[in-house]
1. Cβ contacts < 6 Å: first residue under 23 Å from residue 111 (Cβ atoms) and of a type in the set (A, V, I, L, M), restricted to region 127-152; second residue part of a strand (DSSP E or B) and modelled with pLDDT of 95 or more, any location; separation 6+ or different chain. Result?
2. Looking only at region 106-128, which residues are out of contact with any strand residue (DSSP E or B) (no Cβ under 9 Å at 6 or more places or on another chain) and open to solvent by less than 50 Å² (accessible area, probe 1.4 Å)?
3. Kindly indicate which of 197, 186, 227 is under 19 Å from residue 151 (Cβ atoms), open to solvent by 10 Å² or more (accessible area, probe 1.4 Å) and in contact (Cβ under 8 Å) with a residue 40 or more places away in the chain.
4. Here is a list: 252, 277. Which entry is within 29 Å of residue 50 (Cα to Cα) and either open to solvent by less than 40 Å² (accessible area, probe 1.4 Å) or in contact (Cβ under 8 Å) with a residue 60 or more places away in the chain (or both)?
5. Tell me the residue from 102, 79, 14 that is of a type in the set (S, T, N, Q), out of contact with any helix residue (DSSP H, G or I) (no Cβ under 7 Å at 6 or more places or on another chain), within 27 Å of residue 126 (Cβ to Cβ) and buried (at least 21 other Cβ atoms within 10 Å of the Cβ), please.
6. Would you confirm whether or not region 211-232 contains a residue that is hydrophobic (A, V, I, L, M, F, W, C), within 13 Å of the ligand (Cβ to nearest atom) and more than 30 Å from residue 118 (Cβ to Cβ)?
7. Of all residues in region 233-249, which are more than 14 Å from the ligand (Cβ to nearest atom) and surrounded by 15 or more Cβ atoms within 10 Å (Cβ to Cβ)?
8. Conditions first: (1) of a type in the set (Ser, Thr, Tyr); (2) open to solvent by less than 10 Å² (accessible area, probe 1.4 Å); (3) within 16 Å of the ligand (Cβ to nearest atom). Residue 135 passes all but one, so which condition is the exception?
Amino acid sequence: MHYRRLGHSGLKVSEIALGSWVTFGSQVDEDVASDLLHSAYEAGINFFDNADMYADGRSEEVMGAAIKDLPRQALVLSSKVFWPTMPGPNGRGLSRKHITESIHASLKRMDTDYLDLYFCHRFDPDTPVDEVVYTMDTLIRQGKILYWGTSEWRAWQINEAVNLARIHHLAPPTMEQPQYNMFHRRRVEMELSPICREHGIGLTTWSPLYYGILSGKYNDGIPEGSRASLDSMAWIRDRITPERVAIVRELSQVADDLHVSMAQLALAWLLRRKEVSSVITGATNIRQLQDNLDSAEAVEKLSDDVLEKIEQILGNYPDED
Ligand SMILES: NC(=O)c1ccc[n+]([C@@H]2O[C@H](COP(=O)([O-])OP(=O)(O)OC[C@H]3O[C@@H](n4cnc5c(N)ncnc54)[C@H](OP(=O)(O)O)[C@@H]3O)[C@@H](O)[C@H]2O)c1
């Protein structure tokens with residue numbers, strides 16, 4: 001396992017992380033979740049991603065139980081706040097009140113004294129950015145979180161947070177968590193990349209396999225038990241378009257030629273980017289986890305010719321327009 005600095009911070013995160021969305025507390029049982037987490041840890045993964053709203057809080061409880069026999073100091077645990085998790089008008093968003101209530105609830109569910117990383121799960125137009133920055137700084141000073149960051153914030157919103165933090169001598173955001181994969185790349189490559197360089201923000205990217213589609217598993221229909229087969233995830237079926245399947249089929253040929261799996265090719269393609277501190281993967285079984293872990297070796301196989309071939313197949317290289 002390789003470790004990368006989280007942006008310009010001193011924290012080292014495994015370049016491959018394991019997240020718990022859809023899986024922990026819902027799609028897989030507690031034993032499978034625990035096996036996945038322990039196998040990931042043994043393979044060198046130190047960063048485990050979570051959110052207060054995953055499985056209505058169950059995901060944090062399952063992760064909290066699974067880490068009990070692991071050394072807390074070796075783990076980088078995250079959670080997030082924004083989406084509705086509590087009743088009433090203050091049960092969501094990024095107000096000082098909801099962030100404070102939410103961190104306490106997350107720490108309790110994870111049964112831990114602090115979170116390493118805490119993300120604002122979206123931008124909240126109802127809360128002034130300085131209220132968010134002050135609140136996050138307070139949580140850091142209280143030792144409840146170590147680093148704070150954003151998820152799916154626009155570059156100008158992150159800029160505003162960084163500038164406010166600088167003016168008031170508060171802790172600026174350290175990381176941003178955007179979706180980034182072969183089908184969804186514009187935001188990272190065109191908008192976030194420059195602010196990562198300017199402010200030392202590290203990216204911890206999500207849905208690297210575009211919900212599993214980039215593993216090639218949907219090339220011949222929807223396998224039973226897969227994410228797209230779940231009633232609660234029916235919307236993913238609309239993303240499995242004939243055009244995307246045709247692209248994944250062509251990319252699978254590139255992967256075959258390199259003697260790597262399609263998932264490894266898709267993950268390696270993300271890992272080649274320096275502004276990516278960690279690619280957050282998801283898995284429902286150990287075979288998938290192992291497949292994804294091996295992507296680190298596939299990065300070396302991405303020669304200029306291979307990258308050019310991938311660009312031709314994807315046909316979505318982002319430009320200024
Ligand atoms: N910040 C945010 O807004 C946000 C949003 C979404 C996710 N996230 C984070 O990012 C993490 C990863 O997102 P994701 O789960 O959507 O990632 P993903 O890699 O796009 O999809 C993961 C799913 O694909 C399937 N899969 C994974 N590896 C595979 C392989 N090698 N071969 C075949 N199938 C494979 C599994 O589902 P099946 O076995 O069920 O098919 C797995 O659960 C989440 O857990 C969460 O921590 C953050």
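The values are calculated or read from the model by the stated rules, or taken from the named source; none is laboratory data. If you're wondering where the values come from, they're calculated on a predicted model, not measured in any experiment. When we count neighbours, we look across all protein chains shown, and the Cβ atoms used for this are built from the backbone with ideal geometry, even at glycine. These area figures cover heavy atoms from the full protein model, side chains too; ligands, DNA and RNA do not enter into them. Shrake-Rupley method; radii C 1.70, N 1.55, O 1.52, S 1.80 Å.
1. As it stands, the answer is 136/148; 139/145; 145/115; 145/118; 146/116, since those pairs meet every condition given.
2. Listed by number, the residues that qualify are 124, 127.
3. Only one candidate qualifies: 186.
4. Exactly one residue qualifies, and that residue is 277.
5. 102
6. The answer is yes, given that some residue of region 211-232 is hydrophobic (A, V, I, L, M, F, W, C), within 13 Å of the ligand (Cβ to nearest atom) and more than 30 Å from residue 118 (Cβ to Cβ).
7. Passing the criteria: 245, 247.
8. The failed condition is (3).
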